[in-house]
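Data first, discussion second: the structure below is written as structure tokens.
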Amino acid sequence: MVRLGQLLRGRDQAARALTLTLTFAGDGRWEKTRRLAEPSGHDDDLRLIAYQLMDAAGLQRGRLIAVALKGEDLIGADQVATQITFDDAREARLVAEEVADRVRDKFGPRAIGPATVFRRAS
């Protein structure tokens, strides 16, 4: 989701919908599209819809061999209305997302990412 958000923001685009495609061992495939409440390229918004799609898949014991998340019905980021909000936590995350994008632009895509992918410092 982070990578999809980066790609959308890097291209000055926003998605109106996301499609999740799951491919299972034995040629089984599941695909579902869900629309966002409003177009977005922000990680939090994309993550919420992706989690909803994963929940809708109702995975139990199927062997996944591929997972794909695709932005659909793209529009220019300049066409997305900026909503005034009193949610300080969301505003802080959006500022951090913008800073992280600038760091990646300057130092490369692997310079910063989710904390869970980094090794513990010794």
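The values are calculated or read from the model by the stated rules, or taken from the named source; none is laboratory data. Fair warning: this is a prediction, and the values are worked out from it, not measured in the lab. Using ideal geometry, Cβ is built from the backbone for each residue, glycine included, and neighbour counts are taken over all protein chains shown. Surface areas here come from the heavy atoms of the whole protein model, side chains and all, with no ligands, DNA or RNA. Shrake-Rupley method; radii C 1.70, N 1.55, O 1.52, S 1.80 Å.
Based on this model, can you work out whether D101 counts as over 15 Å from D44 (Cα atoms) and either at pLDDT 85 or above or assigned to a helix (DSSP H, G or I) (or both)?
no
Considering the range 57-88 alone, what residues qualify as being assigned to a helix (DSSP H, G or I) and either open to solvent by 50 Å² or more (accessible area, probe 1.4 Å) or within 18 Å of R11 (Cβ to Cβ) (or both)?
Of everything in the range 57-88, those that are assigned to a helix (DSSP H, G or I) and either open to solvent by 50 Å² or more (accessible area, probe 1.4 Å) or within 18 Å of R11 (Cβ to Cβ) (or both) turn out to be A77, D78, Q79, D88.
Counting only residues that are over 11 Å from the mean Cα position of the chain (by Cα) and open to solvent by 40 Å² or more (accessible area, probe 1.4 Å), how many does the range 25-56 have?
Number satisfying all stated conditions: 16.
What's the number of the only condition in (1) open to solvent by less than 50 Å² (accessible area, probe 1.4 Å); (2) among the small types (G, A, S); (3) farther than 21 Å from G10 by Cβ; (4) modelled with pLDDT under 85 that A92 fails to meet?
(1)
Name the single residue, out of those in the range 11-22 being surrounded by 16 or more Cβ atoms within 10 Å (Cβ to Cβ) and farther than 17 Å from L94 by Cα, that is nearest to the chain's Cα centre (by Cα).
Among those residues, the one meeting the criterion is L18.
Select from the range 27-44 the residues that are free of Cβ contacts under 8 Å to residues at least 24 places away in the same chain and not in a strand (DSSP E or B) and list them in ascending order.
D27
Identify all residues within the range 7-23 that are outside any strand (DSSP E or B) and among the charged types (D, E, K, R); write none if there are none.
R9, R11, D12
Which ones in the range 104-117 are modelled with pLDDT under 80, out of contact with any Lys or Arg (no Cβ under 9 Å at 6 or more places or on another chain) and outside any helix (DSSP H, G or I)?
P114
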